[in-house]
Amino acid sequence: MAILKTENLTYTYSQGTPFEKTAVDNVNIEIERGEFVGVIGHTGSGKSTLIQHFNGLLQPTLGKIYLDGMDIWANKKNIRNIRFRVGLVFQYPEYQLFEDTVYRDIAFGPKNMGLSEAEIDGRVRRTAQAVGLSEEVLEKSPFELSGGQKRRVAIAGVMAMEPEVLILDEPTAGLDPGGRDKILGQIKEYHKMTGNTVLLVSHSMEDVAKYASKILVMNESRLFCYDTPQNVFRRSEEITQMGLSVPQITRVFDMLRQKGVDLNDEVYTVKYAVGLITEELRKRGKIDA
């Protein structure tokens, strides 16, 4: 059963004014429980507006959103609970830190859930460890930390609520490659440990290809496709025409195909490319089996 489902989801900003703009247009999608979904699209494609519907930050102009089969807007009093079940980490989340210690910042969400002190303490410490924050850091002010550490504190604050769905909007924006890889690796490990559904909004096709089991592509407010990375990158030419950049390794293999070297599969990660080439060389007797 789908953990998230939309039916004819449409959202229009400034409806009835000269500035009216439809940001999400008739989107129908079902996201299965436990998926790691990469969400991509050009600037203004509607991807950020779409994800803000999943935890009730925005209410559809038309259509419905279901969480685990329940229409989240059937009873507006339930929206607060929906936001505990679907956690959303905004872009540059460190700007939302405000407590005097890291511990209290991570504890803020669980505390608002009405949990016991013992449960809150356990969640804070488990989550801090999961994102690579030491016990010593918990007693520091978040404003004394590096940019990457602040980012991890903010992400931990949402993870500590143990949402069924964790949505991250460009969680590595502005970080150096080392910081980016560290945070993405920790998010992947979180997904592996919890089995919860994760949605990662990113401009990086390489990141999405490396970590996601499904990819959701938005284009000009509409859903272009929602499929496995392999099937999405079969449409690399269409994706490029949208102004998105497919992984570099995919472009290399597209060029090889144009020159008559067709390995009969879509390549979207370097690791997969190495395996494919190795197998092909074995078949041709170029290397030992």
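Only the coordinates and a few stated rules stand behind these numbers; no lab work does. Not measured: the values here are computed from a predicted model. Cβ atoms come from the backbone with ideal geometry, glycine included; neighbour counts cover every protein chain shown.
Odds and ends about this structure:
- Rg and Dmax, both from the Cα atoms of the range 95-172 and both in Å, are 11.5, 32.
- Candidate lysines for bridging to LYS192, where Cα separation is under 21 Å - those fewer than 8 sequence places away on the same chain excluded: LYS182, LYS210, LYS214, LYS271
- Label point distance in nm, GLU238-SER146, each placed 7 Å from Cα along Cα→Cβ: 4.2
- Average projected area [Cα convex hull, the range 58-99], square nanometres: 4.2
- For the range 1-153, convex hull volume per residue from C-alpha positions, Å³: 154
- Cα principal axis extents for the range 87-241, largest first, Å: 51, 30, 26
- Its residue count N sets the reference 2.2 N^0.38 Å, and the alpha-carbon radius of gyration of the range 209-289 equals 1.23 times that reference.
- The Cα trace of the chain gives Rg and Dmax of 20.8, 69 Å, the first to one decimal, the second as a whole number.
- Fully extending the segment from ASP181 to PHE98, taken as 0.36 nm per residue of separation minus the present Cα-Cα distance, adds 27.3 nm.
- Maximal additional length on extending the GLU30-LYS271 stretch stands at 83.8 nm, based on 0.36 nm per residue less the C-alpha distance.
- Fewest-first ranking of LEU168, LEU97, using other Cβ atoms within 10 Å as the exposure measure: LEU97, LEU168
- Ranked list, fewest to most other Cβ atoms within 10 Å of each Cβ, for ILE40, ILE51: ILE51, ILE40
- Antiparallel %, DSSP beta bridges [both residues in the chain], to 5: 55
- Spatial extent of the range 132-198: Rg and Dmax, with the Cα atoms as the point set, Å: 12.0, 33
- Spin-label proximity, GLU139 to the range 97-113 - amide N less than 19 Å from point 7 Å beyond Cα toward beta carbon: 99-107
- Using just its DSSP H runs of length 4 or more, each adding -39500 (n - 2.57), the chain gives a mean residue ellipticity at 222 nm of -12000 deg cm²/dmol after division by all residues.
- Chain lengthening between LYS283 and LYS77 when straightened (0.36 nm per residue, less Cα-Cα): 67.9 nm
- Going from the residue with the fewest nearby Cβ atoms within 10 Å to the one with the most, MET113, MET193, MET159 rank MET193, MET113, MET159.
- Each part gets one Cα centre, and for the range 160-215 versus the range 9-75 those centres are 20 Å apart.
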